[in-house]
Amino acid sequence: METKKKKYVRPVIARQQLGMMNKFGKAPISTLIDKIDDVDISELSSNYGTPLFVISEKKLRSQQRDALRIFKTRYPKVQFAWSYKTNYLDAICSVFHQEGSWAEVVSEFEYDKAKRLGMPGNKIIFNGPDKTKDALIKAINDGASIHIDHFDELYSLIEVTEKLEKTARVAIRVNMDVGIYPKWDRFGFNYENGEALDAIKRIMIANNMKLVGLHCHIGTYMLSTSAYRIAASKLTTLYKKVISDFSHSLEYIDLGGGFASKNTLHAQYLDASGIVPTFEDYADAITSGIFELNLKASELPLLILETGRALVDEAGFMITKVIAHKRLSNGRRAVILDTGVNLLFTSFWYKHRITPTQFYGEHTEDSAIFGNLCMNIDVIRDGIQLPPIPVGDILVIHNVGAYNMTQWMQFINMRPKVVMVMESGSVEIIRQNETLEYLTQLEIVPESLKLK
């Protein structure tokens, strides 16, 4: 088999500058990437066009397996539930389900999607503040776990179960003070003021509801492992109280998600790789919070985790092409790409790592990277050191697997293909690019408005 000859890159000695660094530290050294899981990026861009989302099946599976192994070595009973809202493309959900993850959904749409992918009701966790009566009926009939968010939902569920004369499997979402502010107290029942215990009492006296678990989700992109320890401890305290006060055993406690990925927030000076906790850090904190309540081995609940971002972000790449260069009025270099924030919503939060695919010399320049939308807010990266990359050449944007493919918008341009590099080395399209016919199929033009 003929192998492609690698491009020769001459060795370079980089001069080191002595002296004091500013508060941002030293400018990062520009790196390059020419393959994703041994598949040439030039081949991907040539075969599927740009912009192009690329997902690594290998990375998805390794992240999930590592997380499960790490938690199971610290706690005997662990179950992951894939967070659909993080990325609900069928192929990605299917990978996690093959790895043993249940489905965690927050809408009727996501619930139906999980069922369509073959998930049985008893492996679906139904979260979210907006569950219609029709959705509740589905969940009750399927034996799904319904996580109640507020009293209005609780009362509605009581009515539905009485009409159906069926028992609903329910849990409550609990919000609490874990030392992170502002508090995430919009969702669920409060722990400190007794609201959560009040909700539990109402469930226990209801005729057609079985309390099976307790749930919390303390925030997103959480860098504090101590907050998880506090959350686990408080949820386990409530778990013990249910046992002692009602002689009722629960099946599980659900610590939600929120683990940070390796993306760097705009407000962070240091790169995320040096400050984001590891799965080991999160696992140590959560399991220590459970164990400090001294439960008997027979009383230990199943620990459910709804991790999304930390499992999928690093498996996602965006391949994009340079379409223009400009000089801003202040002399700063601007690079315009053929993708925009309509596809990379997380650019509003993160300083995404962006790398060239070949060597362009040792000289780099502070650059602003803009998208291709006619909007001034279309900023992919406000400041980054990049070499001069010719128009038509490729850049790769890293860690884009979470939320971009669920929060993307068809705005000005249509959404592109998404491909998955399979463990076998093949490349499969997992979502086709949009077409005008696809986008307009739901539109109707009244006869009086049609051009004659």
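Data for the structure
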| read-out | value |
| --- | --- |
| Answer label for Kirkwood radius over Cα pairs in Å (calculated), chosen among (1) 24.3; (2) 22.2; (3) 23.5 | (1) |
| Span from the the range 82-134 Cα centroid across to the the range 327-353 one, whole angstrom | 33 |
| DSSP beta bridges in the chain [antiparallel fraction, %, rounded to 5] | 45 |
| Label-to-label distance, nm, for residues given as residue 377 and residue 295 (7 Å Cα→Cβ offset) | 4.3 |
| Tilt relative to the chain, helix 225-246 - C-alpha long axis, 0 to 90 degrees, to 10 | 20 |
| Cα lying deepest toward the dipole's positive end in the range 57-313, options 75, 305, 136, charges on Cβ | 75 |
| Dipole magnitude (debye, nearest 20) for the range 102-167, charges at Cβ of Lys, Arg, Asp, Glu | 340 |
| Tilt relative to the chain, helix 151-164 - C-alpha long axis, 0 to 90 degrees, to 10 | 60 |
| Distance violations [Cα-Cα > 27 Å] among 85/166; 183/262; 131/183 | 85/166 |
| Degrees separating the helix 57-72 axis from the principal Cα axis of the chain, which is the longest one | 40 |
| Set of lysines with alpha-carbon distance to residue 201 below 17 Å, sequence-local pairs under 8 removed | 210, 240, 241 |
| Which of 150, 119, 256, positive extreme of dipole for the range 57-313 (C-beta unit charges) | 119 |
| Estimated inter-spin distance, residue 132 and residue 358, nm [label 7 Å along Cα→Cβ] | 5.3 |
| Local net charge near residue 322, Cβ-Cβ under 11 Å (Lys/Arg +1, Asp/Glu -1) | -1 |
| Per-peptide average of other Cβ atoms within 10 Å, ordering 79-87, 60-68 highest first | 79-87, 60-68 |
| Modelled FRET efficiency - R0 41 Å, residue 226 with residue 451, Cβ distances, 0.05 increments | 0.05 |
| Contour excess over end-to-end distance, with Cα ends at residue 90 and residue 240 and 0.36 nm allotted per residue | 50.2 nm |
| Cβ-placed point charges (K, R +1; D, E -1), dipole of the chain about Cα centre in debye, nearest 20 | 940 |
| Antiparallel bridges, percent of DSSP beta bridges restricted to the range 289-447 (to nearest 5) | 85 |
| Per residue convex hull volume, Cα atoms of the range 201-242, in Å³ | 76 |
| For the range 252-320 versus the range 49-65, the gap between their alpha-carbon centres in whole angstrom | 20 |
| Helical contribution to [θ] at 222 nm, DSSP H n ≥ 4, -39,500 (n - 2.57), averaged over the chain, rounded to 500 | -8000 deg cm²/dmol |
| Quotient of Cα Rg and 2.2 N^0.38 Å for the range 337-379, N being how many residues it contains | 1.31 |
| Globularity index of the range 57-313, i.e. its alpha-carbon radius of gyration over 2.2 N^0.38 Å | 0.97 |
| Net charge, residue 73 excluded, C-beta distance under 13 Å - Lys, Arg +1, Asp, Glu -1 | +2 |
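Bear in mind that the values in this text are calculations on the coordinates, not laboratory data. None of the values given here were measured: they were computed from a predicted structure. Quick reminder, even Gly has a Cβ in these numbers, built from the backbone with ideal geometry, and neighbours come from all protein chains shown.
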